[in-house]
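Student: I have a structure here, written as structure tokens, and I will follow up with some questions on it.
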Amino acid sequence: MKRGFTLMEILIYVSVLAIIFLAVYSFLDWAVKLSAKAGAIREVTDNARRAMEIMTHEIRSAKSVYEPTSGASQLSLETGNYLPNGETSSYIDFYLCGQASSTICFKKESQNPIAITSDKVNVTGFKFIQLSTTTPSIQISLSLDYKQASINSTSSASLRPY
């Protein structure tokens, strides 16, 4: 009596093994793509949150706002900070900068601009709208993209009267 495997048994074994490997590969591929998408969403969300926090903080603590034209992509604020030369006001600007204007910059008077969004993300929409003139209120609209993730964020801030 001969012992061994028939051709049919080997083909079934190879087929079952191929199906198992294909299922494992598909699961791992899906997990890697999901992780990359989650990382992209986190990057976009963190950048939008950080930019909004900085801009609303500076608007709330500003002395006055230079009225932005409707849908302007730049905002200038007068602050009540004391400067080393004894002056009591300085100016802050928020605007698009970087390559192809894809980064938001924050510039204090006589200082170099600081990017408040990562150069990884692309700013696809950025505008300021004056909501009220009695107590100056500014609406900020921001749209960011990064890989397969995007976010649209809107916030508003009012100057605090002191």
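The values are calculated or read from the model by the stated rules, or taken from the named source; none is laboratory data. Only a predicted model underlies this, so the values are computations on that prediction, with no experimental measurement involved. Reconstructed Cβ throughout: ideal geometry from the backbone, glycine too, with neighbour counts over all protein chains shown.
Student: Across region 90-121, what is the total count of residues that are touching a helix residue (DSSP H, G or I) at 6+ places or on another chain (Cβ under 7 Å) and within 20 Å of Thr56 (Cβ to Cβ)?
Tutor: 8
Student: Next question, about the same structure. Under 6 Å between Cβ atoms, which residue pairs at least 6 apart in sequence (or on different chains) link something in region 33-58 that is on the phi < 0 side of the Ramachandran plot and of a type in the set (A, V, I, L, M) with a partner that is in a helix (DSSP H, G or I) and modelled with pLDDT of 95 or more?
Tutor: Going by the 6 Å Cβ cut-off, there are no qualifying pairs.
Student: OK, next. Just one of (1) acidic (Asp, Glu); (2) within 14 Å of Glu109 (Cα to Cα); (3) modelled with pLDDT of 90 or more trips up Asp46, so point out which.
Tutor: Single failed check for Asp46: (2).
Student: How about region 109-162: which of its residues are without any contact (Cβ under 8 Å) to a residue 40 or more places away in the chain and buried (at least 17 other Cβ atoms within 10 Å of the Cβ)?
Tutor: Selection gives Asn122, Val123, Ser143.
So that you can scan it fast, the table gives a plain yes or no per residue for (1) within 13 Å of the chain's Cα centre (by Cα); (2) modelled with pLDDT of 85 or more; (3) closer than 20 Å to Arg42 by Cα; (4) not aliphatic (A, V, I, L, M):
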position	(1), (2), (3), (4)
Lys63	no, yes, no, yes
Thr69	no, no, no, yes
Ala72	no, no, no, no
Cys97	no, yes, no, yes
Lys120	yes, yes, yes, yes
Thr135	no, no, no, yes
Ile140	no, yes, no, no
Ile151	yes, yes, yes, no
Ser156	no, yes, no, yes
